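The values are calculated or read from the model by the stated rules, or taken from the named source; none is laboratory data. Note that the structure is a prediction, hence the values are computed from the model and not measured. All Cβ positions, even for glycine, are placed from backbone atoms using ideal geometry, and neighbour counts span all protein chains on display. For the accessible areas, the whole protein counts, side chains as well, though only heavy atoms, and no ligand, DNA or RNA atoms are used. Shrake-Rupley method; radii C 1.70, N 1.55, O 1.52, S 1.80 Å.
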Amino acid sequence: MRLTRKRLCSFLIALYCLFSLYAAYHVFFGRRRQTSAASLRGLRKGAAPARDRRGRVQSSLGSEEWNPWEGDEKYEQQHRFKTSLQMVNKSTKGKTDFQVQIWGKAAIGLYLWEHIFEGLLDPTDVTAQWREGNSVVGRTHYSFITGPAVVPGYFSVDVNNVVLILNGREKAKVFYATQWLLYAQNLVQTRKLQHLAVVLLGNEHCNNDWINQFLKRNGGFVELLFIIYDSPWINNMDVFQWPLGVATYRNFPVVEASWSILHDERPYLCNFLGTVYENSSRQELMNILKQDGIDKLCLVSVREQWQPQETNESLKNYQEALLHSDLTLCPVGVNTECYRIYEACSYGSIPVVEDVMTAGSCGNTSIHHSAPLQLLKSMDAPFIFIKNWKELPAVLEKEKTIVLQEKIQRRKMLLYWYQHFKTELKMRFTNILKSSFFNEQ
């Protein structure tokens with residue numbers, strides 16, 4: 001009986017040892033053989049795609065077996081990392097260090113907001129009583145409000161930094177603008193506002209003395225003044241030149257570049273649609289156009305009395321004139337700078353600008369040698385500048401020799417310059433505010 005038990009135990013021990021050896025063989029040698037067989041099968045089936053050779057087939061250093069999910073695991077890890085990084089970027093991207101609110105109380109505010117800042121307004125209805133929008137430039141968050149319902153004392157002021165856009169072109173407008181400045185002065189004195197800048201549509205003769213008392217350098221509270229037209233006050237320290245822009249008060253739109261704007265043959269060499277004032281250079285221009293049938297090469301439509309508002313039909317006709325002309329004639333009016341310059345740029349029609357200083361206090365050619373239109377010239381506007389309309393026939397003769405391909409390149413250059421001009425102004429404006437309001441260089 002004892003002998004039988006010994007034999008049974010020996011048999012069980014031997015069986016255990018055999019099983020252990022078998023298991024060890026499969027652990028250490030079986031996987032390698034399977035891997036080799038799998039590799040041979042793969043080779044017999046044909047070469048793997050380049051992506052697989054770089055990712056899946058290559059085994060990692062120090063490993064003898066191929067992990068079929070290795071590529072997917074690496075991809076998932078990379079994807080998780082990228083996703084996390086994107087989430088971090090989004091969270092920091094949305095953060096802004098500086099807050100500025102713009103109060104648009106003149107039509108030029110729409111040029112600043114919609115054309116230069118490329119901001120949107122809600123609601124889109126231009127007749128709405130209250131419109132607002134938001135935009136971020138770098139680390140500066142801008143909010144914009146405009147409309148008839150934006151009235152001093154009738155809306156909440158929960159910001160510290162404001163840009164006030166005003167019209168000071170004529171007496172009635174100056175009175176209205178002064179009321180806004182007195183309101184802002186009270187907000188500053190009661191510490192509801194910390195910083196204020198003004199964008200001003202100045203007088204066309206540059207007679208803007210009424211605002212002097214409000215400037216900080218004269219003991220007032222307006223830290224910065226961005227002024228339209230070639231004011232002799234411009235020093236690029238606290239007074240800066242700002243562009244007139246397009247006639248937003250006549251609903252001139254934001255124009256997106258299109259194939260037709262760039263590539264279509266234009267039926268007219270030039271255009272002029274506008275008011276001809278008595279004893280002005282515009283009369284001289286009309287006389288020049290009538291010589292030698294030049295007016296037949298250009299789209300010309302004139303009126304004797306200025307009309308402040310456009311009808312839908314007149315606006316459409318004007319836009320089509322810009323679109324269908326290679327050049328847009330820009331004679332001086334009360335001031336050298338006119339909406340037509342910027343509107344022509346919107347449609348890729350080269351402005352032909354009468355480069356003469358008009359009567360009044362604008363510019364000082366003994367100091368500012370680039371006056372008039374200092375801002376445009378300082379940014380290398382690709383316009384045709386002439387001193388006298390007698391130069392126009394030669395300009396048009398040269399225009400006849402330019403082939404379509406050259407005109408297409410010229411339009412591209414003009415549209416690119418105009419976009420760069422607006423972007424540069426946006427960045428300059430922001431940097432000036434940051435430097436003055438927040439001491440950020």
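Key figures for this structure:
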| read-out | value |
| --- | --- |
| Difference of contour (0.36 nm per residue) and Cα-Cα distance, Q189 to A359 | 57.3 nm |
| For the stretch 96-242: relative contact order, % (alpha-carbon pairs under 8 angstrom, 6 or more apart) | 20 percent |
| Cα-Cα over 24 Å, subset of K296/K422; K171/K434; K296/K400 | K296/K422; K171/K434 |
| Amide hydrogen neighbours beyond the local backbone of V300, cut-off 5 Å, H modeled | F272 |
| Longest to shortest principal axis, alpha-carbon extents of the stretch 245-401, angstrom | 43, 37, 33 |
| Whole-Hz couplings from phi, Karplus 6.51/-1.76/1.60, listed for the stretch 290-298; x for Gly and Pro | 7, 6, 6, x, 4, 4, 6, 8, 10 |
| Derived scalar couplings ³J(HN,Hα) [the stretch 245-260; Karplus, 6.51 cos²θ - 1.76 cosθ + 1.60; whole Hz; x for Gly, Pro] | x, 8, 7, 5, 5, 9, 6, 5, x, 6, 9, 8, 4, 9, 4, 5 |
| Reference-scaled alpha-carbon Rg (2.2 N^0.38 Å with N residues) for the stretch 96-242 | 1.00 |
| Pair E304, F155: separation of 7 Å Cα→Cβ label points (nm) | 4.3 nm |
| For a label point 7 Å along the Cα-to-beta-carbon line of E170, residues of the stretch 184-216 with backbone N under 20 Å | 200-211 |
| Integer Hz, Karplus 6.51/-1.76/1.60 couplings in order for the stretch 102-119, x for Gly and Pro | 10, 9, x, 10, 8, 4, 4, x, 5, 5, 4, 6, 7, 9, 7, 7, 6, x |
| The stretch 163-298, Rg to Rh (Cα coordinates; Rh as Kirkwood inverse mean 1/r) | 1.13 |
| Extension gain (nm, one decimal) between T178 and V254, 0.36 nm per residue minus Cα-Cα | 24.3 nm |
| Carbon and sulfur %, accessible surface of the stretch 306-441 computed with the full protein complex present, 1.4 Å | 53 percent |
| Relative contact order %, the stretch 250-421, counting alpha carbon pairs below 8 Å whose residues are six or more apart | 25 percent |
| Chain lengthening between S314 and Q283 when straightened (0.36 nm per residue, less Cα-Cα) | 9.0 nm |
| Inter-label distance for L404 and E440, nm, one decimal - labels placed 7 Å from Cα along Cα-to-Cβ | 4.9 nm |
| Cα gyration tensor category, rounded, prolate or oblate, for the stretch 263-342 with a/c compared to 1.5 | oblate |
